[in-house]
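Take a look at the structure set out below.
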Amino acid sequence: MNAKQRIKHITQWIKGYCRAHKISTLVVGISGGIDSSVVSALCARTGLRTIVVQMPIRQNRRLDNRSSLQATWLIDRYPGNVVHMSMDLTPVFSAFEKKVSGFCADPDAMQQYPLAAANSRARLRMMTLYQIAQCHGGIVVGTGNKVEDFGVGFFTKYGDGGVDISPIGDCLKTQVWNMGRELGLEQEIIDAEPTDGLWDDGRTDEGQLGMTYPELERAMWLDHWELDGGPDVTPLERRQLRRYRAIRQRNMHKMQPIPVCIIPDIGK
């Protein structure tokens with residue numbers, strides 16, 4: 001399936017889901033990245049009311065500017081059904097951070113504090129999207145791709161992982177880029193280094209994962225077919241496969257159902 005066919009298929013899938021469940025409003029958080037930009041464009045193409053929400057939290061200015069760029073692009077092309085909302089959540093997050101900072105007095109706990117704070121940003125955004133969605137009788141549309149959501153688990157549990165539908169959850173990152181080009185998104189968004197936007201220093205996905213998305217996709221393929229060796233697998237790819245598996249194992253709890261303690265029926 002090429003990019004044009006993929007766009008048509010996903011757009012029809014969103015419309016079909018909404019028709020079946022009598023949904024008229026789609027809510028998408030936009031970050032200025034390729035994933036949220038593609039998803040917001042796909043939602044707008046359905047003709048359904050699409051609310052795109054910009055939620056900076058101590059945001060890198062370049063990221064926030066790209067979010068505004070995407071919102072403008074959407075409104076120019078779909079003026080009748082796209083609504084743009086922008087709210088700076090920095091004061092809310094700062095108040096929350098101040099309230100919970102005393103919980104990490106233990107030096108060992110403090111080592112995890114930056115990651116916990118980053119995840120709290122994602123969860124605050126999730127809460128905001130659901131508040132808007134419920135007030136408008138809509139649903140929250142996810143922006144995670146297949147590599148992040150089902151490969152290495154590179155998302156926040158109950159943060160950006162908390163959504164109602166996932167239109168690009170079966171699309172590789174390179175396929176998302178191809179859809180972005182086909183949709184005619186701004187080149188600045190297509191060319192931007194992927195980042196989750198949860199850190200004050202603006203760190204990239206590649207910097208956090210230690211691998212590029214094409215490398216991750218290759219490792220996913222090798223892992224799926226259990227190709228650990230052989231003449232077609234280079235030493236570098238074997239090292240990347242080990243790296244991929246280590247990240248995946250660490251984050252597997254995000255990709256599996258919540259464990260439930262089953263109580264046996266002692267009467268049987």
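The values are calculated or read from the model by the stated rules, or taken from the named source; none is laboratory data. Source: prediction; values computed, not measured. Note that we place each Cβ from the backbone using ideal geometry, even for glycine, and neighbour counts take in every protein chain shown.
General remarks:
- All told, Val83 falls short of being assigned by TED's automatic domain parsing to the domain that holds Gly33 and either over 23 Å from Glu186 (Cβ atoms) or of a type in the set (Lys, Arg) (or both).
- Total residues in the stretch 166-191, condition surrounded by fewer than 18 Cβ atoms within 10 Å (Cβ to Cβ) and over 16 Å from Met1 (Cβ atoms): 6
- First in the stretch 166-195 and touching a residue at least 60 places away in the same chain (Cβ under 8 Å) and not assigned by TED's automatic domain parsing to the domain that holds Val27, second anywhere and aromatic (Phe, Trp, Tyr) and in a helix (DSSP H, G or I), Cβ under 6 Å, 6 or more apart: none
- Filtering the stretch 226-259 to residues that are part of a loop (DSSP other than H, G, I, E, B) and under 26 Å from the mean Cα position of the chain (by Cα) leaves Gln256, Pro257, Ile258, Pro259.
- Residue check, Gln59 at pLDDT below 95 and either under 29 Å from Gly184 (Cβ atoms) or part of a helix (DSSP H, G or I) (or both): yes
- When restricted to residues that are assigned to a strand (DSSP E or B) and hydrophobic (A, V, I, L, M, F, W, C), the stretch 1-41 contains 4.
- Sub-6 Å Cβ pairs linking a first residue in the stretch 11-23 that is surrounded by 12 or more Cβ atoms within 10 Å (Cβ to Cβ) to a second residue that is assigned to a helix (DSSP H, G or I), at least 6 apart or interchain, are Thr11/Leu42; Thr11/Arg45, ordered by first then second residue.
- Total residues in the stretch 204-225, condition without any contact (Cβ under 8 Å) to a residue 24 or more places away in the chain and either part of a loop (DSSP other than H, G, I, E, B) or farther than 19 Å from Lys173 by Cβ (or both): 3
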